[in-house]
Amino acid sequence: MAVFGVTPWAARVPGMLLASLMLLGVLVAGRRLGDAALARRAALMLGASAGFLIGGQYVNHDMGVAAWIASAIWCFALACWDGERPHAGWARAGFALCAGGLLTKGLIGVALPALVIGAWLLATRQWRKVLHLPWVSGLALFAVLALPWFVLAGQRYPGLWAYLFGVQQFGRYTGGGFNNPQPWWFYLAACALLLFPWAFFAAWDGLLRLRRRPAPAALDAQRRLAVLCWIWVGAIVLFFSLPRSKLIGYALPVLPPLALLAAMGWQRALDGRRHAERAFVAVLLLAAAVPVAITLAAPRIDRGRLSGDVARVLACRAAPTDEIYVVGGYPMDLPFVAQTQKPLRVVQDWPQVRAKAADDWKRELYEAGAFEPTAAARILLEPAALAQARTQAHAWLLAPRKAGPDTQALIAGWQPVFAGQTWALYRSAASAAEGPEAPQHEGLPGCHAHGGKQRQP
């Protein structure tokens, strides 16, 4: 954002770069462990998939940790592919990439590469290579990259490690009170959707391999690669299918091996047939068209959940020192669009929220408040605070446009300013008594993102 500015696309740059790393891994590993034609076809399948085109621009950590996990697995596989002893350089790269996974989303950045490579080495009777990995230098590299942040953060926030690893890692994996419970087959459907329609060619390849037992002469590099890929897919899908809570982004680490298996399935089904390449290009374009259409339609699809219209009005009417209160929900995008200089002051019945302990944004806020109690006292407010706030100058209130009776009662006495599609903006009675906002004030930085002119509703 320092380079490109505070824009949605700047926020998406890290995810897109890490998605590109995932794509590069398929090209490099596919070429080295299979052949160049297979690697190119798999990379095209992955690059035209919904998982890549949508997941790569989604602003969360799922694509990032998936890219680190996949890259680490490829490096350890390349290290152990040939010879009696692992290649030290590839193995050290694997340790470094696991550090990136740990920093991005915790223990799965280490556990999943270890699970996949361990299962593969056991299944292919190469487990002795584990003893010859460069453990000392690899772990030293891992520690230098990953541990400083955890040490410094733990010193600043006592109890952070127990919360991060105990509650958010083991607790989420083993507990049943977290969000989005789904049936056991959820990730099978997720794989088919994220790599549609290519995942069906991967399934076709798997069925053929089960039905046809190859002769010893057929035990070539491509079959060895298929064994690695199926173990990779099976281990991660099984790992994430055990908990009740399931999220579609957790399936992203299996897209690289699925793409290679899909490329093998395509070769088995259609290679050598007339017009096979034309058919591949046609399917490729159709596969890419769906996620591209979803991306273009996303602003309209999400319009009913966003607050950009209110945020733009607030940005040009509020001063950087003004207090902004929110009740009845939380406009996730508003601080980003308006570029507010202070945290939003969130009004809820917090004792009741703590008692219910739902797995939502409210829980995230009050659990974060345990590490910053001074800030929490200013940000997490009881409903009674609104009665006092409306008597103060330079105070603003955001509430859902279609607020319920309880929220409507809290809004009473605040002066309406602007009604957006989803959110409504109010200012305090004391501010209204002062008259219009001074035209000379600069407004919030988000106002300058729209031409530097203050826009009145």
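The values are calculated or read from the model by the stated rules, or taken from the named source; none is laboratory data. None of the values given here were measured: they were computed from a predicted structure. Because the Cβ atoms are built from the backbone with ideal geometry, glycine has one as well, and the counts that use them run over all protein chains shown. Surface areas here come from the heavy atoms of the whole protein model, side chains and all, with no ligands, DNA or RNA. Shrake-Rupley method; radii C 1.70, N 1.55, O 1.52, S 1.80 Å.
Details
- So Arg354, is it assigned to a helix (DSSP H, G or I), open to solvent by 50 Å² or more (accessible area, probe 1.4 Å), touching a residue at least 12 places away in the same chain (Cβ under 8 Å) and out of contact with any Phe, Trp or Tyr (no Cβ under 8 Å at 6 or more places or on another chain): no
- Within region 181-292, helices (runs of 4 or more DSSP H) holding 2 or more residues that are closer than 27 Å to Asp82 by Cα and open to solvent by less than 40 Å² (accessible area, probe 1.4 Å): 198-211, 221-241, 255-270
- Whether a residue is in contact with a Cys (Cβ under 9 Å, 6 or more places away or on another chain) and over 30 Å from Leu444 (Cα atoms) was assessed, and Pro291 does not pass this test.
- Taken over region 340-351, the residue count meeting the criterion of being in a loop (DSSP other than H, G, I, E, B) and either without any contact (Cβ under 8 Å) to a residue 24 or more places away in the chain or open to solvent by 40 Å² or more (accessible area, probe 1.4 Å) (or both) is 4.
- Region 99-128: number of residues that are open to solvent by less than 20 Å² (accessible area, probe 1.4 Å) and either modelled with pLDDT of 95 or more or of a type in the set (Ser, Thr, Tyr) (or both): 11
- Of the residues screened, Thr407 is one that is open to solvent by less than 40 Å² (accessible area, probe 1.4 Å) and among the β-branched types (Val, Ile, Thr).
- Sole exception among (1) surrounded by fewer than 24 Cβ atoms within 10 Å (Cβ to Cβ); (2) in a helix (DSSP H, G or I); (3) of a type outside the set (Lys, Arg) for Ala70, by number: (1)
- Filtering Ala96, Ala88, Ala79 for residues that are open to solvent by 10 Å² or more (accessible area, probe 1.4 Å), closer than 21 Å to Trp127 by Cβ and in contact (Cβ under 8 Å) with a residue 24 or more places away in the chain leaves a single hit, Ala88.
- Output for region 1-58, where each listed residue is open to solvent by 20 Å² or more (accessible area, probe 1.4 Å), outside any helix (DSSP H, G or I) and either among the hydrophobic types (A, V, I, L, M, F, W, C) or over 30 Å from Gly272 (Cα atoms) (or both): Met1, Ala2, Val3, Phe4, Gly5, Val6, Thr7, Gln57, Tyr58
- Flag for Ala438 being open to solvent by 20 Å² or more (accessible area, probe 1.4 Å), at pLDDT below 90 and in contact with a Lys or Arg (Cβ under 9 Å, 6 or more places away or on another chain): no
- Residues in region 312-327 that are open to solvent by less than 40 Å² (accessible area, probe 1.4 Å) and assigned to a loop (DSSP other than H, G, I, E, B): Ala318, Ala319, Asp322.
Matching residues to (1) over 22 Å from Pro14 (Cα atoms); (2) in contact with a Pro (Cβ under 6 Å, 6 or more places away or on another chain); (3) of a type in the set (D, E, K, R):
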site	(1), (2), (3)
Ile73	no, yes, no
Ala88	yes, yes, no
Phe95	no, no, no
Thr104	no, no, no
Ile108	no, no, no
Pro113	no, no, no
Trp120	yes, no, no
Ala146	no, no, no
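- Scanning region 263-282 turns up no residue that is within 26 Å of the chain's Cα centre (by Cα), of a type in the set (A, V, I, L, M) and modelled with pLDDT of 90 or more.
- Residues in region 371-390 that are surrounded by 12 or more Cβ atoms within 10 Å (Cβ to Cβ), in contact (Cβ under 8 Å) with a residue 12 or more places away in the chain and not charged (D, E, K, R): Phe371, Ala375, Ile379, Leu380, Leu381, Pro383, Ala385, Leu386, Ala389.
- Subset of region 293-307 [open to solvent by less than 40 Å² (accessible area, probe 1.4 Å) and touching a residue at least 40 places away in the same chain (Cβ under 8 Å)]: Ser307
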